[in-house]
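Worksheet: the structure to be examined is printed underneath.
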């Protein structure tokens, strides 16, 4: 009996090993930027993504980064096969999708949901690829609002002469500041909040997640406010090296991330509810046309200057006009 059992066990182990090997996924590494590192919500969300990716034949190892610049440079250097970064950084890899984070182009979360669904459409796959890189999905981080240290700065016209923090590596932000007459102050992810809280700048643009995480309520104080009008829809975007992944991985990833959008928006809305109501600064309906006009002019200028991708600008306008066909821009052809 023993002599019969041993070869059977050996055969069973061989079969199990062969089965395990046959289903072993392709080994890849993703650099994940999260300001809170491995303790952040972004990094935690990617752990769920890792489990899903196994169904696509890929075993992912995650590397956490608190410094987005380092994560991006490591990705460029080949130290990881994909990277999660801000849409602003992603623009240098895939200009089409990196232009989602453009001023005033996505007015609401309903519009944002439609955009992310469109990006998961297989027909747009050619737009998702530039050289060795592919866009593998956009995670919404929420609308960026104007944080001001004085509620009197309640329009773009009144931003003239005020100091505004701009990211030193994104020239489009400095261009926006100059166009509205503000004074751009070079900053980065690690210090822009501190400059606002310490009074070194009068204005910053930030998603509401920064209100508590970056203690921006300190910079608002008693006189400041948050203009309740979205300036930019901020995203984190996953960019991968195509040759390191199975052929359909990018499309599978875009579709999966699109399915998770309601979950992301639920998190964002919960964070927005935590804001002290006294800090919200409503934008009157009578002023909204002025905001839209200025932001439209900014988009047109920045597209002509090469900062935004014209194809994405056209797609975003189509989304806006399909949802709100009576908007004045829908009868105009400049964008």
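Tell me the residue from 335, 272 that is surrounded by fewer than 19 Cβ atoms within 10 Å (Cβ to Cβ), in contact (Cβ under 8 Å) with a residue 12 or more places away in the chain, within 28 Å of residue 178 (Cβ to Cβ) and in contact with a helix residue (DSSP H, G or I) (Cβ under 9 Å, 6 or more places away or on another chain), please.
When all the criteria are applied, what remains is 335.
Tell me, yes or no, whether the stretch 100-108 has at least one residue that is assigned to a helix (DSSP H, G or I) and farther than 21 Å from residue 188 by Cβ.
no
Among the numbered criteria (1) farther than 17 Å from residue 153 by Cβ; (2) touching a strand residue (DSSP E or B) at 6+ places or on another chain (Cβ under 7 Å); (3) touching a residue at least 24 places away in the same chain (Cβ under 8 Å), which one does residue 206 miss?
Here residue 206 meets the rest and fails (1).
I'd like to check something: does the stretch 79-87 contain any residue that is closer than 19 Å to residue 311 by Cα and either surrounded by 19 or more Cβ atoms within 10 Å (Cβ to Cβ) or modelled with pLDDT of 95 or more (or both)?
Yes, the stretch 79-87 has at least one match.
Got a number for residues in the stretch 127-171 being without any contact (Cβ under 8 Å) to a residue 40 or more places away in the chain, surrounded by fewer than 23 Cβ atoms within 10 Å (Cβ to Cβ) and touching a strand residue (DSSP E or B) at 6+ places or on another chain (Cβ under 8 Å)?
2
Quick one: in the stretch 109-126, which of the residues that are in a helix (DSSP H, G or I) and free of Cβ contacts under 8 Å to residues at least 60 places away in the same chain is surrounded by the most Cβ atoms within 10 Å (Cβ to Cβ)?
124
How many residues does the stretch 217-248 hold that are under 20 Å from the mean Cα position of the chain (by Cα) and either buried (at least 18 other Cβ atoms within 10 Å of the Cβ) or under 29 Å from residue 48 (Cα atoms) (or both)? Lay out the reasoning, then the answer.
Of the residues in the stretch 217-248, the ones under 20 Å from the mean Cα position of the chain (by Cα) are 228-241.
Right, trim to either buried (at least 18 other Cβ atoms within 10 Å of the Cβ) or under 29 Å from residue 48 (Cα atoms) (or both) and you get 229-241.
So the answer is 13.
In the stretch 29-50, how many residues are part of a helix (DSSP H, G or I), touching a strand residue (DSSP E or B) at 6+ places or on another chain (Cβ under 9 Å), on the phi < 0 side of the Ramachandran plot and free of Cβ contacts under 8 Å to residues at least 40 places away in the same chain?
Looking only at that region, the number is 6.
Does residue 30 satisfy the criteria of being surrounded by 10 or more Cβ atoms within 10 Å (Cβ to Cβ) and modelled with pLDDT under 85?
When the stated conditions are applied, residue 30 does not pass them.
For the condition surrounded by 17 or more Cβ atoms within 10 Å (Cβ to Cβ), in contact (Cβ under 8 Å) with a residue 12 or more places away in the chain and out of contact with any helix residue (DSSP H, G or I) (no Cβ under 6 Å at 6 or more places or on another chain), what is the one hit in 295, 312? Give the derivation first.
Values: 312 fails: out of contact with any helix residue (DSSP H, G or I) (no Cβ under 6 Å at 6 or more places or on another chain).
Criteria check complete, one pass: 295.
The values are calculated or read from the model by the stated rules, or taken from the named source; none is laboratory data. Here the structure is a predicted model, which is why all the values come from computation and not from measurement. FYI the Cβ positions are ideal-geometry reconstructions off the backbone, even for glycines, and counts take in every protein chain you see.
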